[in-house]
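What follows draws every value from the coordinates through simple rules; no lab data is involved. Model, not experiment: these values are computed from the prediction. In this analysis, Cβ positions are derived from the backbone assuming ideal geometry, glycine residues included, and neighbour counts consider all displayed protein chains.
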Amino acid sequence: MTNVLFVVSECAPLIKTGGLADVAGALPRALADHGGEVRVLLPGYRSVLDKLGKTTTAQKLPDLFGGKARLLACKVAGLDLLILDAPHLYDRDGGIYGDETGKDWDDNPERFAALCKAGAMIADAGVDGWRPGIVHGHDWQAGLTPEYMHDLGCDVPFVFTIHNIAFHGNVAGERLDALGLDYGRFDADHFEFWGQISALKAGLMGAAKITTVSRTYAEELLTPDFGMGMDGVLRHRQPDLAGIVNGIDLDAWNPETDPNITPYKATAGKSPNKKAVQAAFGLRKADGPLCVLVSRLTEQKGIDLLLEALPALLDRGGQLALLGSGDPRLEVALHEAAAGHPNVSVKIGYDEALSHLMMAGGDVVLVPSRFEPCGLTQLYGLRYGTLPLVALTGGLADTVINASPAALASGVATGFQFYPVTAQALSNSFVRLCDLYGQPKAWRKAQRNAMAQPVGWETSAAEYHEIYASLAGASS
Ligand code: ADP
Ligand code: GLC
């Protein structure tokens, strides 16, 4: 396989706000089985620099968007990293995309343009004697990379993966000079989007191949409902758009070896974990299923639908344990729900260890998202024998087999799907869920099916590899 440079704004285990980091941390290792060398270019946020061990300075960049920068090379958790150390852009308190209050940093356009520019320079001239044959950018933060590659006359093929189309990285046209972009390309065929500079559109138009993280989302993106304004651009690029479902890291998420849980092989071994989750959330033993949910709290994730549908679960003796953080209004609404019912408990915060315990101890993992490009927690649920109850959308549609009467009769069900994505349909699926929970034999069969479903990276890494190989072959 040819060498590949990932350009990405987060990467587990160093820095994570969502599933993008998991993909950037796991896919390079899965691709290594195909023989190529993947290096991951990541901003040197303060919290990232604090976690690095030994690094070497691979390159100095005397002036990158108003300050000195350098590329640090290092290895962390089996990943080959190139860290863009640019203190004027990344060394600050607060989050990686915004300040403590959640407000985006004003200089985000420059912060991520710098990442793209560094990526383009590596593609063009190499670093430390290493050169990529493919540049693979992820989401809008990497979108300007092909523009800067074009300016350098570099024709290394660019692959662009959409993890979430909701974020465009748009900024007023007046920033053209500040971002060092070519005026001649500020048009509809390149990175202009309704008079603004759009990093996302730059990536979509500059990519040799566009991928997104499930087949269904690749289709949904072409529609106005899901394309979020970019559906026209995507329809234009449709021949080069493919959906490749995400996998999960099978070592980090392994019920037999997970250090955060009481390990188990068969579903009978889940019960000490269930007790531990109930204890951690202050819930008592109940007759109905224990539903868990781990998520960013945003409009996307359908938390409001869950709150509306919750009585259907609680009336049948079910329980909810929820871990998440985000929108303050949702946090308040969740606290209110928890205060109003002994079988609802909520923890606001981010807690990796607890999220593992919840996947092990839950009977059901909930993912009621309005849209979900792929989703990872339903995959964790499958692996841990915790049946997913999901909205029928995006990757959730592709990774769960609904417990319909036909699927149950033929013994293939792995979870529950509801459609349309409304509180009413979710309520109905809570009823179905509780019915099946009352049939232990059928429930255990679904759990066994879930645990047997392949959810690793093997197949999907091979699909990325094929794309790289076809592009590298075409450009050489
Ligand atoms: P998204 O990327 O849209 O947030 P995904 O399901 O793809 O959704 O990935 C979310 C990732 O973040 C999962 O690994 C999930 O376990 C993790 N996660 C989200 N919120 C929390 C939290 N509060 N505590 C621990 N892990 C969380
Ligand atoms: C995004 C999506 C999520 C996906 C993740 C990783 O944040 O919201 O569905 O699993 O990226 O691709």
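Quick notes on this one:
- Residues located in the range 378-397, provided they are over 13 Å from ALA450 (Cβ atoms) and within 11 Å of ligand 2 (Cβ to nearest atom): THR393, GLY394, GLY395, LEU396
- Residue list for the range 149-164, filter: away from ligand 2 (no atom under 16 Å from the Cβ) and under 20 Å from VAL233 (Cβ atoms): MET149, HIS150, PRO157, PHE158
- Check on ALA442, more than 16 Å from ligand 1 (Cβ to nearest atom) and either over 26 Å from the mean Cα position of the chain (by Cα) or assigned to a loop (DSSP other than H, G, I, E, B) (or both): yes
- Summed over the range 383-412, the residues that are in contact with a Ser or Thr (Cβ under 8 Å, 6 or more places away or on another chain), among the small types (Gly, Ala, Ser), in a loop (DSSP other than H, G, I, E, B) and surrounded by fewer than 24 Cβ atoms within 10 Å (Cβ to Cβ) give a count of 0.
- Checklist (1) assigned to a strand (DSSP E or B); (2) within 30 Å of ASP151 (Cβ to Cβ); (3) over 22 Å from the mean Cα position of the chain (by Cα) applied to ARG92, failing item: (1)
- Count of the range 422-439 residues which are surrounded by 20 or more Cβ atoms within 10 Å (Cβ to Cβ) and part of a loop (DSSP other than H, G, I, E, B): 0
- Count - residues of the range 208-245 that are among the polar types (S, T, N, Q) and either in contact with a Phe, Trp or Tyr (Cβ under 8 Å, 6 or more places away or on another chain) or closer than 30 Å to GLY195 by Cβ (or both): 4
- Residue within the range 162-182 that is away from ligand 1 (no atom under 16 Å from the Cβ), of a type in the set (Gly, Ala, Ser), within 29 Å of THR17 (Cα to Cα) and in contact with a Cys (Cβ under 8 Å, 6 or more places away or on another chain) present: no
- Qualifying positions in the range 143-186 - under 22 Å from GLU220 (Cβ atoms) and of a type in the set (A, V, I, L, M, F, W, C): VAL159, PHE160, ILE162, ILE165, ALA166, PHE167
- Breaking point among (1) in a loop (DSSP other than H, G, I, E, B); (2) more than 15 Å from ligand 1 (Cβ to nearest atom), for PRO373: (2)
- Beta carbons closer than 8 Å, at least 6 apart along the sequence or on distinct chains, never pair a first residue in the range 307-323 that is without any contact (Cβ under 8 Å) to a residue 12 or more places away in the chain with a second that is surrounded by fewer than 19 Cβ atoms within 10 Å (Cβ to Cβ).
- The residue pairs whose first member lies in the range 242-262 and is within 11 Å of ligand 1 (Cβ to nearest atom), whose second member is part of a loop (DSSP other than H, G, I, E, B) and of a type in the set (Ser, Thr, Tyr), and whose beta carbons are closer than 8 Å, counting only pairs six or more residues apart or on different chains, are ASN246/SER214; TRP253/TYR384.
- Tally, over the range 90-124, of residues that are in contact (Cβ under 8 Å) with a residue 24 or more places away in the chain, in contact with a Leu (Cβ under 8 Å, 6 or more places away or on another chain) and of a type outside the set (Lys, Arg): 16
- The set of residues in the range 280-297 being touching a helix residue (DSSP H, G or I) at 6+ places or on another chain (Cβ under 6 Å) and within 16 Å of ligand 1 (Cβ to nearest atom) consists of VAL292, VAL294, SER295, LEU297.
- Test for VAL367: is it within 28 Å of ALA166 (Cα to Cα), more than 8 Å from ligand 1 (Cβ to nearest atom), in contact with a helix residue (DSSP H, G or I) (Cβ under 8 Å, 6 or more places away or on another chain) and not hydroxyl-bearing (Ser, Thr, Tyr): no
- Hits in the range 183-212 (condition: in a loop (DSSP other than H, G, I, E, B) and either on the phi > 0 side of the Ramachandran plot or within 16 Å of ligand 1 (Cβ to nearest atom) (or both)): TRP194, GLY195
- Of all residues in the range 334-354, those that are of a type in the set (Ser, Thr, Tyr) have Cβ atoms under 6 Å from Cβ atoms of residues that are more than 16 Å from ligand 2 (Cβ to nearest atom), 6 or more apart or on another chain, in SER345/PHE281; SER345/GLY282; SER345/LEU283; SER345/ALA321; SER345/ALA338.
- Pair list, Cβ under 8 Å, 6 or more apart: the range 183-201 residue over 17 Å from GLY232 (Cβ atoms), other residue surrounded by 20 or more Cβ atoms within 10 Å (Cβ to Cβ) and charged (D, E, K, R): ARG185/GLU147
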